[in-house]
Protein chains: 2
Amino acid sequence: MTKIPLPGTPVRGSKSGSPIMALLDLLGRRWAMGVLWTLCDGGVATFRQLQERCETISPSVLNARLKELRAAGLVDHNGKGYVATDLGQELYTHLEPMGDWAKKWALTLKD
Amino acid sequence: MTKIPLPGTPVRGSKSGSPIMALLDLLGRRWAMGVLWTLCDGGVATFRQLQERCETISPSVLNARLKELRAAGLVDHNGKGYVATDLGQELYTHLEPMGDWAKKWALTLKD
DNA sequence: TAAAACCGCTACGGCTATCATAGCAATATT
DNA sequence: AATATTGCTATGATAGCCGTAGCGGTTTTA
């Protein structure tokens, strides 16, 4: 079982666990942002639906990321499936503009 | 040598390499956002200065991330040291608000 | 009521990424 | 000529990730 990075506990880049470093540690794991993105972008989803939406994620990693995101209060599981919490949605509003930025980025790289 | 995720090439979560998935793959690597953050937040830095600022990053990983970020056009090296490009700075403007958000997040988790 | 499908996972073995530490060749400084 | 600084690279250990298979439980279908 992996250690879950939370503010106030030692994380990568900050022994005291500064909030931003804890966040970057949390999100800087394979599929962490992808799962949050997929969940916010597509709405409620069961474990297996999430798996499908992510196309190539393995269940063990999906499970690990979900545990972390839940512990961080970004994702929750109501009886029906996994959902982003208000906190998670709020973080997503910062993530979302990166979608448009990425398109521009793709064009820039063509030259 | 690791494959560098760029839009248009197969990446995690998208075989066609959709821009956002390429970006999430690029940034979803250990220290990727941390390096960009540290560089933008603290200004130009030599390899070793970056290493110090990141506190616990190993030179091999720093080197790997720098290669990727340079290939992605987010970071560059002028004779003096490493710098974020205009593109990199622009992406950072989307990253930066997460700093404040993270502080709020830290408070929320205390309850 | 029995079969089929779906639920959230977990186990496994193999590969890749990351880690900390040491050190090297080249240039700049003293 | 010696020292310090530059950007890395080598190494060997550990942790993370991958794909596949499948389990025990609930819900839906025939």
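Laboratory data are not the source of any read-out in this text; all were calculated from the coordinates shown. The structure displayed is predicted, hence computed values, not measured ones. Every residue, glycine among them, receives a Cβ derived from its backbone with ideal geometry; neighbour counts consider all protein chains shown.
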- Counting other chain Cβ atoms within 10 Å of each Cβ in A:15-27 and taking the mean gives 6
- Message: Please report the projected area of chain A's Cα convex hull averaged over all directions, in nm².
- Response: 8.0
- In Å, descending, principal axis extents of the Cα set of the protein assembly as shown: 57, 40, 28
- Note on the structure: In whole angstrom, the spacing between the Cα centers of region A:1-28 and region B:4-65 equals 17
- Query: Looking at region A:1-54, what % of the alpha carbon pairs are farther apart than 16 Å?
  - Reply: 50
- Restraint check, B:K15/B:K104; A:K104/B:K103; B:K3/B:K103; A:K104/B:K3; A:K15/B:K104, Cα-Cα greater than 28 Å: B:K15/B:K104; A:K104/B:K103; B:K3/B:K103
- Note on the structure: Quick calc: nm separation of the 7 Å Cα→Cβ label points for A:K80 and A:K67 -> 2.8
- Hey, got a sec? Which GluC sites (Glu not before Pro) in region A:1-72 land in a DSSP loop and have at most 13 other Cβ atoms within 10 Å? A:E55
- So which lysines can A:K80 reach, going by Cα to Cα under 24 Å and dropping same-chain residues fewer than 8 places off? A:K67
- Can you give the longest stretch of chain A with no exposed loop site, where a site means trypsin sites (Lys or Arg not before Pro) in a DSSP loop (not H, G, I, E or B) with at most 12 other C-beta atoms within 10 Å? A:16-79
- Message: Taking a point 7 Å out from Cα toward Cβ as the label site, list the nm distances between A:N63 and the same residue in every other copy, smallest first.
- Response: 3.7
